[in-house]
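J.: Take this structure, written in structure tokens, and hold onto it; I'll ask about it next.
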Amino acid sequence: MASPNATFTEMVTTTLRHTVTSVADNNSKNNALVNRLKKKGQIETVSGGYELQYPLDYGGNGTYQRFDGYDPLNVSASDTLTSAKYDWAQVAIHVTASGKEIKMNSGKEAMIKLVKERVKSAMRTATNNFSTDVYSSGALTNQIGGLGALVTADGTGTVGGIVSGTYTWWKNQFEEMGGTNTYATISADMNRLWLKTARGNDKTDLIVSTHDLYAAYEAVLQANQRYAQSDMASLGFEALKYKSADVIFDSNDDNFTTTGEKMYFINSDYLKLVQHSDAQWTQDDQKVPTNQDAVIIPIYWMGQLICNNRARQ
């Protein structure tokens, strides 16, 4: 006869095999940035590496020259490439049950109920916390560097191992709003920031806002009712349009980890959510503690949010 622990493990394992991917699915459904990256094919799975390295073309080729006849040509070398390097970050969540719980839920229906509720709770927790991480400044121990780290209020910071205060081409764009908590100039402020981030066809495609700025922008548009006719609206995100970009607010202002109201102007072509092929909300083998009457099923994620062009953010 199989032991109660083995029964619980079998039920959890079977259930997780069918539901563990719901973490990734729910993240894309509940986080507009992750959803946009998924739609753009900017969620990348890699098999390993000491760190995540991405090449950057930071300067034009200096040998471009207009000449005539026998003019000497410029054949000097041009140093135009470097790399941004990002460290791996890891996340773990566990589905657990004590021996007492297993024995109390020994009936078949009770067992299924226990497993399903534990799995739902774990997936919900993973989704909510990872959404917070995506917007974070990476200030918490072992946290990924989210938008708060990649796009700062003054363009400074060390991102991908590059000090933007020294290498100014690596700064993100920024615009301080006029007025004091009135947001009366929000349209003009947004226009100026849009021009800073746009370069030909490289344009902001998503604007993520805190509640107050979203409300201020919505008030400007109220007469025109310019709601987005886009995937953002059809997927349940309350979306406005600004030029060709979708404008959404995050449902939890706490996700914006630095003080003050803000809007992130995002060009998702230059953002990637990178994850390891062996840890993309992947279930590991069961663990049985040596000093506890319990069963533990770990689920792991490993990756990083990376940017390879801060000047377009």
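The values are calculated or read from the model by the stated rules, or taken from the named source; none is laboratory data. It should be emphasised that the depicted structure is a prediction, and the values quoted were computed from it without experimental measurement. Reconstructed Cβ throughout: ideal geometry from the backbone, glycine too, with neighbour counts over all protein chains shown. Quick note on the areas: whole protein, heavy atoms, side chains included, nothing else; ligands and nucleic acids left out. Shrake-Rupley method; radii C 1.70, N 1.55, O 1.52, S 1.80 Å.
J.: How about the stretch 62-101: which of its residues are of a type in the set (A, V, I, L, M) and at pLDDT 90 or above? Even if it seems obvious, please write down each step before you answer.
T.: From the stretch 62-101, those of a type in the set (A, V, I, L, M) are 73, 75, 77, 81, 84, 89, 91-93, 95, 97; that's our starting set.
Hits for the stretch 62-101 are A89, V91, A92, I93.
J.: Would you please name the residue that is modelled with the lowest pLDDT, looking only at residues in the stretch 180-199 that are among the aliphatic types (A, V, I, L, M) and open to solvent by 60 Å² or more (accessible area, probe 1.4 Å)?
T.: Residues of the stretch 180-199 among the aliphatic types (A, V, I, L, M): 184, 186, 188, 190, 193, 195, 198.
Narrowing further to those that are open to solvent by 60 Å² or more (accessible area, probe 1.4 Å): 184, 195.
Details: A184: 81, L195: 93.
Restricting to residues being among the aliphatic types (A, V, I, L, M) and open to solvent by 60 Å² or more (accessible area, probe 1.4 Å), the top hit is A184.
J.: Right, next: What is the one condition in (1) farther than 21 Å from P55 by Cα; (2) open to solvent by less than 50 Å² (accessible area, probe 1.4 Å); (3) of a type in the set (D, E) that D202 does not satisfy?
T.: Among (1) farther than 21 Å from P55 by Cα; (2) open to solvent by less than 50 Å² (accessible area, probe 1.4 Å); (3) of a type in the set (D, E), the lone unmet condition for D202 is (1).
J.: While we're on this one: I'd like the full set of residues that are open to solvent by 20 Å² or more (accessible area, probe 1.4 Å), within 30 Å of I43 (Cβ to Cβ) and more than 19 Å from the chain's Cα centre (by Cα), limited to the stretch 285-305.
T.: Of everything in the stretch 285-305, those that are open to solvent by 20 Å² or more (accessible area, probe 1.4 Å), within 30 Å of I43 (Cβ to Cβ) and more than 19 Å from the chain's Cα centre (by Cα) turn out to be D285, Q286, K287, I296.
J.: In addition: Kindly list the number of the only condition in (1) surrounded by fewer than 21 Cβ atoms within 10 Å (Cβ to Cβ); (2) more than 20 Å from the chain's Cα centre (by Cα); (3) part of a helix (DSSP H, G or I) that fails for V115.
T.: (1)
J.: Filter the stretch 26-57 for residues that are modelled with pLDDT of 75 or more, of a type in the set (D, E, K, R) and closer than 30 Å to F249 by Cα and give the result.
T.: Passing the criteria: R36, K38, K39, K40, E44.
J.: Got a number for residues in the stretch 81-107 being part of a helix (DSSP H, G or I) and among the basic types (K, R)? Don't jump to the end; show me each part of the working.
T.: Initially, the stretch 81-107 is screened for residues part of a helix (DSSP H, G or I), giving 99-104.
If we keep only those that are among the basic types (K, R) as well, we get 100, 103.
Matching residues across the stretch 81-107 total 2.
J.: If a residue has to be open to solvent by less than 40 Å² (accessible area, probe 1.4 Å) and in a helix (DSSP H, G or I) to count, how many in the stretch 7-52 make the cut?
T.: Kept after step one, since they are open to solvent by less than 40 Å² (accessible area, probe 1.4 Å), are these residues of the stretch 7-52: 8-9, 12-13, 15-16, 20, 22-23, 27-28, 31-37, 42, 46, 48, 52.
Filter once more, so that each one left must be in a helix (DSSP H, G or I): 8-9, 12-13, 15-16, 22-23, 27-28, 32-37.
Of the residues in that region, 16 qualify.
J.: Pick from G148, G155: which is open to solvent by less than 80 Å² (accessible area, probe 1.4 Å) and part of a loop (DSSP other than H, G, I, E, B)?
T.: Values: G148 fails: part of a loop (DSSP other than H, G, I, E, B).
Unique residue meeting the criteria: G155.
J.: How many of the residues in the stretch 158-185 are among the polar types (S, T, N, Q) and part of a helix (DSSP H, G or I)?
T.: Initial filter on the stretch 158-185 (among the polar types (S, T, N, Q)): 158, 164, 166, 168, 172-173, 180-182, 185.
Retained after the next criterion (residues that are part of a helix (DSSP H, G or I)): 168.
Final tally of qualifying residues: 1.
J.: Mind checking which pairs have a first residue in the stretch 82-106 that is under 18 Å from L16 (Cβ atoms) and hydroxyl-bearing (S, T, Y) and a second that is open to solvent by 60 Å² or more (accessible area, probe 1.4 Å) and part of a helix (DSSP H, G or I), Cβ under 9 Å, 6 or more apart or different chains?
T.: Within 9 Å, the pairs are T96/R118.
J.: So A219 passes all but one of these: (1) within 21 Å of S268 (Cβ to Cβ); (2) loosely packed, with under 12 Cβ neighbours inside 10 Å; (3) of a type in the set (A, V, I, L, M). Which condition number does it fail?
T.: (1)
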